[in-house]
Amino acid sequence: GSFYSSRSFPFNDGQNPKITIGGFGKLDLPLNEATAKKLIASHVTKQAPFGRGERTVVDKTVRDTWEVDGVLSFQLQFRNYSWNKWINDQVVPEACRNLGVNIATSTPRAELYKLLLYEEGSHFLPHQDTEKAPGMFGTVVVVLPSKFTGGSLHLTHAGTTKTIDIAENSSTMTHILAWYTDVFHSVHPVESGYRLALSYNLIHTKSPKSKPNAQTVAKTGRIRNILLSWKQAKEGRLQLDCKVPDQLLYTLDHKYSKVNLLSEALKGKDAALVARLEHVVKELGFGLYIANIEFHRSGRADDYGPGWEVEYGEPEDCSYGSDCDLGDPCFESCLSDDGWDSDSEEEEGRRHHHHTHEEAMREYERNLKNITFDEIEEEELFVTNIVDLNGRLHSSTGVRIKMSQVIPKAFGKKEKPDEKDYEGYQGNVRLDR
């Protein structure tokens, strides 16, 4: 299977949900400009938030989209009673087959999440979807007929990027798009018109066990022979030329939150791999667990690039120029009460703009992305949230491991950090997976 799925259908009554929004009324399709403007101006829509760490925030520079909550049954309803049947009987099975999901065993379902409306300039920067319920593994977006230009979808996973541009047939087709939750994706700005979409959560209702075939049986046989030789070597019944590892970690293709660390939430090839190993490790007495990997890297930062310039006029304000190095004292001064000033002629001639502390923090985060390491001083690798295949906790504390124990490739070399901290001339990068 792939990390995404895309399919388009000619618009007809069979694919018309006939939407009714509580407090607004009918939403006829294809959506026209007058109705779109009326919907945006109504009280039923709001700016769509997004997750930032443990917070849910609204920031139009990151996400500029209008939404209607689909979880509230009274707010979003379908007058076409065959719509939900079409979604679950045709859309979900086809999307899951393209994603490599075994629908016969996991019986996935689609759960309505939100109605999204993009106007001119609306966009969403690269992000991953939050796993909103146990068993959630993907997202399905149904783009409904409405004329627009721009608004292309960009998906990236494991070094592969796919662009899906549906603008040309946006007013005459219903477009079904789906992807796994850990796939980075973005919606580029809508250039004209309105992009209307229904967003669904894809959720496993049963454990997605994979059926063995001739190829997987052969691979499982080879794995069994290797594990058996290790077991016999540990017991002193067999002598090997290589050292037998106490533990081995295999990095999965997809990323999982703590909530979905269990076999029934695994995706695509990951589910097939674990299913292949499960009965072998039980037979030979090995332990098989799922966990998160955390990679910590720290060292001296290369902070001589362009960054901030900060002055304090009043204690609650700070101002920015554009020619200061991140290593200069001004970089830290916006987060302190000391302030910093310059008497150079260049400073006197520069125009300054005052910002609040919240704006200063946003500027800090933007500049933080540009800092890299000048020298790496320490690297540490841990496994955390270790659970068995049923999701039962085996160990919550971090266990340090060696990079040589990770297969099929070294971890932490190309992955982007989830958290990044900068302290003066000392840079710290934390990479969690």
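The values are calculated or read from the model by the stated rules, or taken from the named source; none is laboratory data. In this text the structure is predicted, and so the values were computed from the model without any measurement. Heads up, the Cβs are rebuilt from the backbone with ideal geometry, glycines too, and the neighbour counts pull from every protein chain shown. Ligands, DNA and RNA are excluded from the accessible area calculation, which covers all protein heavy atoms including side chains. Shrake-Rupley method; radii C 1.70, N 1.55, O 1.52, S 1.80 Å.
If G1 passes every condition in (1) under 30 Å from T161 (Cβ atoms); (2) open to solvent by less than 70 Å² (accessible area, probe 1.4 Å); (3) assigned to a loop (DSSP other than H, G, I, E, B) but one, which one does it miss?
Of (1) under 30 Å from T161 (Cβ atoms); (2) open to solvent by less than 70 Å² (accessible area, probe 1.4 Å); (3) assigned to a loop (DSSP other than H, G, I, E, B), only one is false for G1: (2).
If we keep just the residues of segment 65-104 that are of a type in the set (D, E, K, R) and in a strand (DSSP E or B), which is most open to solvent (accessible area, probe 1.4 Å)? First the steps, then the outcome.
First pass over segment 65-104, keeping only residues of a type in the set (D, E, K, R): 67, 69, 79, 85, 89, 94, 97.
Those still in the list that are in a strand (DSSP E or B) too: 67, 69.
On the way: E67: 3, D69: 42 Å².
Among those residues, the one meeting the criterion is D69.
Would you pick out the residues in segment 157-185 that are surrounded by 17 or more Cβ atoms within 10 Å (Cβ to Cβ), assigned to a strand (DSSP E or B) and either in the same structural domain as A265 (by the TED database) or among the polar types (S, T, N, Q) (or both)?
Within segment 157-185, T174 is the sole residue that qualifies.
Taking the condition at pLDDT below 95 and either in the same structural domain as H157 (by the TED database) or under 19 Å from the mean Cα position of the chain (by Cα) (or both), does V91 pass? Full working, then the answer.
Numbers: at pLDDT below 95: no; either in the same structural domain as H157 (by the TED database) or under 19 Å from the mean Cα position of the chain (by Cα) (or both): yes.
Judged against the criteria, V91 is not a match.
Taking segment 46-81, which residues are over 19 Å from L198 (Cβ atoms) and polar (S, T, N, Q)?
Selection gives T56, T61.
Identify the residue in segment 232-254 that is of a type in the set (S, T, N, Q) and in contact (Cβ under 8 Å) with a residue 24 or more places away in the chain and, among all such residues, is nearest to V183 (Cα to Cα). I'd like the intermediate steps shown before the answer.
Looking only at segment 232-254, we keep the residues that are of a type in the set (S, T, N, Q), and these are 232, 239, 247, 251.
Next, only the ones that are in contact (Cβ under 8 Å) with a residue 24 or more places away in the chain stay: 247, 251.
On the way: Q247: 29, T251: 16 Å.
Per the criteria, the residue is T251.
Applying the selection to segment 141-156, what residues are in contact with a helix residue (DSSP H, G or I) (Cβ under 8 Å, 6 or more places away or on another chain) and either open to solvent by less than 10 Å² (accessible area, probe 1.4 Å) or modelled with pLDDT under 95 (or both)? Steps first, answer last, please.
Quick first cut of segment 141-156, residues in contact with a helix residue (DSSP H, G or I) (Cβ under 8 Å, 6 or more places away or on another chain) only: 142, 146, 148-152.
Hits for segment 141-156 are V142, S146, F148, G151.
Going through segment 109-140 one residue at a time, which ones are open to solvent by 10 Å² or more (accessible area, probe 1.4 Å) and either touching a helix residue (DSSP H, G or I) at 6+ places or on another chain (Cβ under 6 Å) or not in a strand (DSSP E or B) (or both)?
Selection gives A110, E119, E120, G121, Q128, D129, T130, E131, K132, A133, P134.
For residues that are under 30 Å from D253 (Cα atoms), out of contact with any His (no Cβ under 9 Å at 6 or more places or on another chain) and part of a strand (DSSP E or B), tally how many sit in segment 186-205. Step through it out loud before you land on a result.
In the first step, residues of segment 186-205 are kept if they are under 30 Å from D253 (Cα atoms); the result is 186-189, 197-205.
Pick out the ones that are also out of contact with any His (no Cβ under 9 Å at 6 or more places or on another chain) and you get 198-205.
Remaining after also requiring part of a strand (DSSP E or B): 198-203.
The qualifying residues number 6.
Give me the residue from segment 10-64 that is part of a loop (DSSP other than H, G, I, E, B) and of a type in the set (D, E, K, R) and, out of that set, most open to solvent (accessible area, probe 1.4 Å).
Here is the first cut: in segment 10-64, the residues part of a loop (DSSP other than H, G, I, E, B) are 11-12, 16-18, 22-24, 28-30, 32, 42-45, 48-49, 53-54, 58-62.
Now drop any that are not of a type in the set (D, E, K, R), which leaves 18, 28, 54, 59-60.
Details: K18: 76, D28: 97, E54: 193, D59: 25, K60: 111 Å².
Looking at residues that are part of a loop (DSSP other than H, G, I, E, B) and of a type in the set (D, E, K, R), I get E54.
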